[in-house]
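The values are calculated or read from the model by the stated rules, or taken from the named source; none is laboratory data. In this text, all values refer to a predicted model and were calculated from it rather than measured experimentally. Cβ atoms come from the backbone with ideal geometry, glycine included; neighbour counts cover every protein chain shown. Side chains included, ligands, DNA and RNA excluded: accessible areas come from the protein's heavy atoms. Shrake-Rupley method; radii C 1.70, N 1.55, O 1.52, S 1.80 Å.
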Protein chains: 2
Amino acid sequence: MGIRSDAVSSARGDRPFDLAIRNIRLVNVLTREIYPADIGITGGQIASVLPAGVNPFSAEREIEGDGLWAAPGFIDGHVHNESSMCTPAAWAEVILPHGATSVVTDPHEIANVLGLRGVRYMLDASRDLPLRYFITAPSCVPSVPKLETSGAVFGEQEMREMLTWERVIAVGEAMDFIGLSNQSGTITSIVDAGQVAGVPIEGHGPGLTGCLLQAYLSAAGPRCSDHESLDSVNMLEKARTGTMVYARVSSFLDAARELAEAINNIPDPRMFGLCTDDLHPGFLLEKGHLDHGMRTLIAAGVDPLTVYQMASINVAGHYGLWGLGAIAPGWLADIVLLEDLEKVQVKHVITGGRIRVWEGQLMEPVRQPIAPLLENTVRIPAGLNRGDFTPRATQDGIRHFHAMDLSNVTDTRLTTVELMVENGQVKFPLPEGIALAAVLGRHGQAQAPSLSFITGFPIQQGVIASTVSHDSHNLVMIGRHPDDLLVAAKSLEQMGGGLVFVSQGNMIAKLPLPVAGLLSPLSLSEIATQETTLKTALTSYGLSPDSTAILLFMTLPVLPRVRLTDHGLVDVLVQQIIPLETV
Amino acid sequence: MGIRSDAVSSARGDRPFDLAIRNIRLVNVLTREIYPADIGITGGQIASVLPAGVNPFSAEREIEGDGLWAAPGFIDGHVHNESSMCTPAAWAEVILPHGATSVVTDPHEIANVLGLRGVRYMLDASRDLPLRYFITAPSCVPSVPKLETSGAVFGEQEMREMLTWERVIAVGEAMDFIGLSNQSGTITSIVDAGQVAGVPIEGHGPGLTGCLLQAYLSAAGPRCSDHESLDSVNMLEKARTGTMVYARVSSFLDAARELAEAINNIPDPRMFGLCTDDLHPGFLLEKGHLDHGMRTLIAAGVDPLTVYQMASINVAGHYGLWGLGAIAPGWLADIVLLEDLEKVQVKHVITGGRIRVWEGQLMEPVRQPIAPLLENTVRIPAGLNRGDFTPRATQDGIRHFHAMDLSNVTDTRLTTVELMVENGQVKFPLPEGIALAAVLGRHGQAQAPSLSFITGFPIQQGVIASTVSHDSHNLVMIGRHPDDLLVAAKSLEQMGGGLVFVSQGNMIAKLPLPVAGLLSPLSLSEIATQETTLKTALTSYGLSPDSTAILLFMTLPVLPRVRLTDHGLVDVLVQQIIPLETV
């Protein structure tokens, strides 16, 4: 008896199929054709795909096609599970009904908190899910070594180890594209470890073009991807030079026409794939997942068959995920049945030959795999007090301080503010229009929080604080008074992490994320409810409901032009720390 | 310093390229486009591919495009090196100037003679060649276990071992498609071993269609190929069901229009590839290799870009030969420069970044790698005598014997002949129109040769004999007199194998193949000269110059309807031995 004997017997007609799908409109992504077919499934694999009506064999269970289309299950080429704030199981519950049957995740956030244990946790927490959960090994932990403190530092050794683990199929996005293009730094030996292991290198080349792109790809080797392009010229350049180019659902929606132009301009779109990258709870609940990106692309004019190829065989081929990405005998039985091809309306979802979603509803709740319980990862200095959050100056009187202007959050500017200093301490309350920001090490660092003043951010009272802050995920806060900052820090420590809004010493709203300070153990809809409560509270205090978004990226010292890390205020362009007080 | 630092430095402009190709018409098989480009190569890899004129960087050596096209080096998806009668090095000398830069060989013939040692010999003899030589591990040794004796028997254990060897990238063609579709026999565990190892299974499904094809593919898994289809309906059916379909140069030439129809009828031809399978010395010298198949397809109406994809990226993708099959930064520098795209006129060939062929000529002779010397593999019983080649009968007088009619060699028929018997032995000379055939075990079997009479083969005198006889490669002969058969057998033993024509006790012509009785140590043109001499001799004795071709397949007990093996005359359809004398 061979491994596949049951399926083979069914195909021959010697035993019933486990499941047959009759008279379905088959979306054949291998040949770019749609035609009526009967699909037979046995033992988790597709055993037979014949023109409709040809196969007279019986099945334990049958689905009548009845005008539906069958497409291969959607594959998300690059995604950070952590952005959903859910555990893998809770995330699967949400994305599976949208047709996602495989995800290639980069557990980059939790790796920055917990190192290899974080990656292992995601592997354990994603075991035996009803979808296929692959991992790319994070390559840039931390993103910038000398300007912030993360919970872990990955080198070549860590990369080698992760690449031996089950379901780890690539080197995660090589964000340090400057280092790689110069063949300097840790990234070079990390990428080389991937090449020795024979796995793809997931790329990250925002705006990379010309000679620098060639250098980056020369270093990354023949299996490099990119999900950072939005303009069609850059996308075409990357596809032509052998890059697997992902259209990123989290960012292309407003640029779908541009993207459609790039795809339509290329006679063979095999180098194009689809990914979501970062989809937050609200997006997942309101718009969907890959399916939303697919219908957006189709509406923008891309041939539907191309879009279905981008969400299946093209990505599977890039990763060498043999058996995934098409509906054919001998392949794995991951199938999406659709009511509307162009609107990508998913009705039923099958993975591993089992019906997981029926009429849009999960057949059964997704069980949480037994994963190790994680300890509280929010470890801040003991005995923290108000003074730690109070900026000091060398002299009393009116003094000048550096400040970060957040008017444009994607391009923050360095500015200065005039503040009163008494007894060596800045006097509170601050003048209107100025706030206080702090980043407090929460990976066991012993030092006091780094502080900075903020302009261009309309907070009137209270403090918003978060343990989600890219990429090191230290505890970040913006508020009006040191007392509130202290309360927020202690609250987050007690909660094990998350987001809070504190005012006048009171916890107004919270979103607990006790798993590594990044994830909630709740379901996505429960998380969304908490998020709504938080947003309502923010609104009632005069803040934008999305105010906390600023906390996510205010700490990332690879984004222009000034950012605050636990080391201090960073001048990103020269990669140096700026003192709080001006000279 | 990273593995690829030199290439990266060149791409950045910090050091000269080893080689630059300027202003070439780039055949981009990833996007199906042709446009002017500059290619920079350093350290054996492609370091830069930019639009022509953009890159101002210098190079150690430059090639001016000057109206030429650059295509990725051609990849032969499935080929038996042994059919060329050359060693790997001598074969490389011939096919490299035709643009072949990678070959995926199935050393099936030598495996039937020498078992694992034969496969290892081909690995050793192909080390460090100027082209990339991959091996698929033979899966059907012997082709039919009980009806002939081969030099080796492969089971699951042998397959597992071969799959651990360098450059062994797949399970070789699973010819026992009946066994596999029934999940019976050795082939099932052999294919399963391949699936556990995660390699493709090279298929072999002549005429397979409908449910049986589904069963075969269900068993072979998602990475199955096929090179046995010629009609467009069967090819399309296979491509649609996830099979990598090779157009086989050795057989499609007369059916190129049919093949073109299949390929043109499919919106996405990614499941089509190219292979040569069996090309004999004359074909290689007169027509060429993959290039000949490519120009034939283009002349038959297939889009040239599709044809170049079939000879490169499509095959590389099937095998997961990352870095091969396209011209892009980070990929391996295997490039063909062509004078004429549609006529596939190869001018220069580069592999591993080095110019190997210039103006159609090898830059230097291909060195024979150091491979173990093989002993004489023609081991026939000692003390063989005339009587061993003389058919016997139970009674004297006119007797009836079974005979094999060779009028149609692809569909031989069982017939009977009347012969005179004296003293228990058939009387010689035989009546006109009747010949004597023998298959003599040459793998150390102790038994006497099996004998049969032949009709429909116009041999007047002498004997043609060969140690090349599919698939077991025992010593096969057709002649008019037992004395000549004895001389031919002893001559071949002394030569270590090959082809001979003997008449009246004299060696008239010979083609020595002392390497496993299959290959010559000479160059292809020297072999061709010997072959011409042999053919001339055959002609002068009233035989067709291609008479020896009958010896190759007269012994293969999977071809209809009667074949002669060392076990005797085989009724192929019932898979039983037929006695020499009729009852």
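Rounded to the nearest 20 Debye, what is the dipole magnitude of the stretch B:351-395 about its Cα centre when Lys and Arg each give +1 and Asp and Glu each give -1 at the C-beta?
So the dipole magnitude of the stretch B:351-395 works out to roughly 140 debye.
Distance between the C-alpha centers of the stretch B:331-398 and the stretch A:199-236? Whole Å please.
The distance from the Cα centre of the stretch B:331-398 to that of the stretch A:199-236 comes to 42 Å.
Calculate the dipole size of chain A relative to its Cα centre from +1 charges on Lys and Arg beta carbons and -1 charges on Asp and Glu beta carbons; express the result in debye to the nearest 20.
The calculation lands at about 460 debye.
When only DSSP loop residues count, what GluC sites (Glu not before Pro) in the stretch A:130-237 have their Cβ near at most 15 other Cβ atoms within 10 Å?
Of the GluC sites (Glu not before Pro), the ones in loops of the stretch A:130-237 whose Cβ has at most 15 other Cβ atoms within 10 Å are A:166.
For Cα pairs less than 8 Å apart in space and 6+ apart in sequence, what is the mean separation divided by the residue count of chain B, i.e. the relative contact order in percent?
With pairs under 8 Å counted, the relative contact order is 14 percent.
Once the other residues with Cβ under 11 Å from the Cβ of residue B:441 are scored (Lys, Arg +1; Asp, Glu -1), what is the net sum?
Taking every Cβ under 11 Å from that of residue B:441, the sum is 0.
Can you tell me what share of the DSSP beta bridges in the protein assembly as shown is antiparallel? A percent to the nearest 5 is fine.
Numbers: 149 of 213 bridges.
Bridges in the protein assembly as shown that DSSP calls antiparallel: roughly 70 percent.
So the label point sits 7 Å from Cα along the Cα-to-Cβ vector; using that for residue A:231, what distances do you get to the other copies, in nanometres, sorted shortest first?
Reported distances to equivalent positions: 5.5 nm.
Using the Karplus equation 6.51 cos²θ - 1.76 cosθ + 1.60 (θ = phi - 60°), what ³J(HN,Hα) coupling, rounded to whole Hz, does each residue of the stretch A:41-47 give in order, writing x for Gly and Pro?
Residue by residue, the stretch A:41-47 yields 10, 8, x, x, 10, 6, 9 Hz.
Quick one: 3J(HN,Hα) in Hz for the stretch A:58-69, Karplus 6.51/-1.76/1.60 with θ = phi - 60°, rounded, Gly and Pro as x.
Once rounded to whole Hz, the list reads 8, 8, 4, 9, 10, 10, 7, x, 6, x, 7, 9.
Express as a percent, rounded to the nearest 5, the fraction of DSSP beta bridges in chain B (both residues included) that run antiparallel.
The answer is about 70 percent antiparallel.
For the stretch A:300-369, which GluC sites (Glu not before Pro) pass both filters: DSSP loop (anything but H, G, I, E, B) and at most 15 other C-beta atoms within 10 Å? Let's see the in-between values first.
Values: sites: A:339, A:342, A:359; in loops: A:342, A:359.
For GluC sites (Glu not before Pro) across the stretch A:300-369 that sit outside H, G, I, E and B with at most 15 neighbouring Cβ atoms in 10 Å, the list reads A:342, A:359.
With the other protein chains left in place, how much accessible area per residue, in square angstrom, belongs to the protein assembly as shown at a 1.4 angstrom probe?
Values: 39150 Å² over 1166 residues.
With the other protein chains kept in place, the protein assembly as shown gives 34 Å² per residue.
Going Cα to Cα from residue B:343, which aspartates and glutamates come in below 12 Å? Please leave out same-chain ones fewer than 8 positions away.
B:291
Considering just Cα atoms, how many Å³ per residue does the convex hull of the stretch B:294-359 enclose? Write out the running numbers ahead of the final one.
Values: hull volume 5.6 nm³, N = 66.
Enclosed volume per residue, from the Cα hull, is 84 Å³.
List the relative contact order of the stretch B:439-583 as a percent without decimals, with contacts defined as Cα pairs under 8 Å and 6+ residues apart. Don't skip to the answer; put the middle values down first.
On the way: 285 pairs, mean separation 33.3, N = 145.
Relative contact order of the stretch B:439-583: 23 percent.
Tell me the relative contact order for the stretch A:99-211 as a rounded percent, counting alpha carbon contacts under 8 Å between residues six or more apart.
Normalised by residue count, the contact order of the stretch A:99-211 is 25 percent.
Excluding residue B:491 itself, what net charge comes from residues whose Cβ is under 11 Å from its Cβ, given Lys and Arg +1 and Asp and Glu -1? Please list the in-between numbers first.
Values: positive: B:490, B:510; negative: B:484, B:493.
So the environment of residue B:491 carries a net charge of 0.
Got a sec? Charge dipole of the stretch B:314-463, +1 on Cβ for Lys and Arg, -1 for Asp and Glu; which of B:350, B:382, B:437 is way out at the positive end?
It is B:382, whose Cα lies furthest towards the positive end.
Enumerate the amide H contacts of residue B:331 below 5 Å, restricted to partners 5 or more residues apart or on another chain; note that Pro and chain-start residues carry no placed amide H.
B:46
At a 1.4 Å probe, what is the % contribution of carbon and sulfur to the accessible area of the protein assembly as shown?
51
Per residue of the stretch A:16-29, in order, report the coupling 6.51 cos²θ - 1.76 cosθ + 1.60 (Karplus, θ = phi - 60°) as ³J(HN,Hα) in whole Hz, putting x for Gly and Pro.
Working through the residues one at a time gives x, 5, 5, 8, 10, 10, 9, 6, 9, 7, 6, 8, 8, 7 Hz.
Give me the residues in the stretch B:165-190 whose solvent-accessible area, probe 1.4 Å, is reduced by at least 30 Å² once all protein chains are included instead of the chain isolated.
B:183
Once the dipole of the stretch B:52-201 is set up with Lys and Arg at +1 and Asp and Glu at -1 on Cβ about the Cα centre, which of B:172, B:150, B:73 lies farthest towards its positive end?
Highest projection toward the positive end goes to B:150.
For the stretch A:237-282 and the stretch B:406-436, what is the separation of their C-alpha centers, rounded to whole Å?
For the stretch A:237-282 versus the stretch B:406-436, the Cα centre distance is 72 Å.
Using +1 at the Cβ of each Lys and Arg and -1 at the Cβ of each Asp and Glu in the protein assembly as shown, identify which of B:415, B:194, B:332 lies farthest towards the dipole's positive end.
The Cα lying farthest towards the positive end belongs to B:194.
Between the alpha-carbon centers of the stretch A:520-583 and the stretch A:43-95, tell me the distance in whole angstrom.
Measuring centre to centre over Cα atoms gives 38 Å.
Sort B:490-499, A:361-370, B:325-334, B:371-380 for me by packing, meaning the mean count of neighbouring Cβ atoms within 10 Å per residue, highest on top. Working shown, then result.
On the way: B:490-499: 20.5, A:361-370: 12.6, B:325-334: 28.3, B:371-380: 16.4.
Final packing ranking: B:325-334, B:490-499, B:371-380, A:361-370.
I'm checking a number: the convex hull volume of the Cα atoms of the stretch A:274-319, normalised per residue, in Å³. What is it?
70
Given R₀ = 51 Å, FRET efficiency for residue B:379-residue B:52 by Cβ-Cβ distance, to 0.05? Could the numbers behind the result be given before it?
On the way: r = 61 Å, r/R0 = 1.20.
Plugging the Cβ-Cβ distance into 1/(1 + (r/R0)^6) gives 0.25.
Once the label point is placed 7 Å from Cα along Cβ, list for residue B:573 the distances to the corresponding points in the other copies, in nm, shortest first.
8.7
Taking Cα atoms, how many degrees apart are the long axis of helix B:185-197 and the longest axis of chain B, rounded to 10 and kept between 0 and 90?
Tilt of helix B:185-197: around 20 degrees.
For chain A, what is the mean residue ellipticity at 222 nm derived from helices alone (per DSSP H run of n ≥ 4: -39500 (n - 2.57); sum divided by total residues; nearest 500 deg cm²/dmol)?
-7500 deg cm²/dmol, from helical runs alone.
Rounded to the nearest 20 Debye, what is the dipole magnitude of the protein assembly as shown about its Cα centre when Lys and Arg each give +1 and Asp and Glu each give -1 at the C-beta?
Details: 80 positive and 124 negative charges, 186 e Å.
With Lys and Arg at +1 and Asp and Glu at -1, about 900 debye.
Tell me the GluC sites (Glu not before Pro) within the stretch B:51-146 that lie in a loop according to DSSP and have at most 15 other beta-carbon atoms within 10 Å. If you can, show how the numbers build up before the last one.
Working: sites: B:60, B:62, B:64, B:82, B:93, B:109; in loops: none.
Listed in order of number, the matching sites amount to none.
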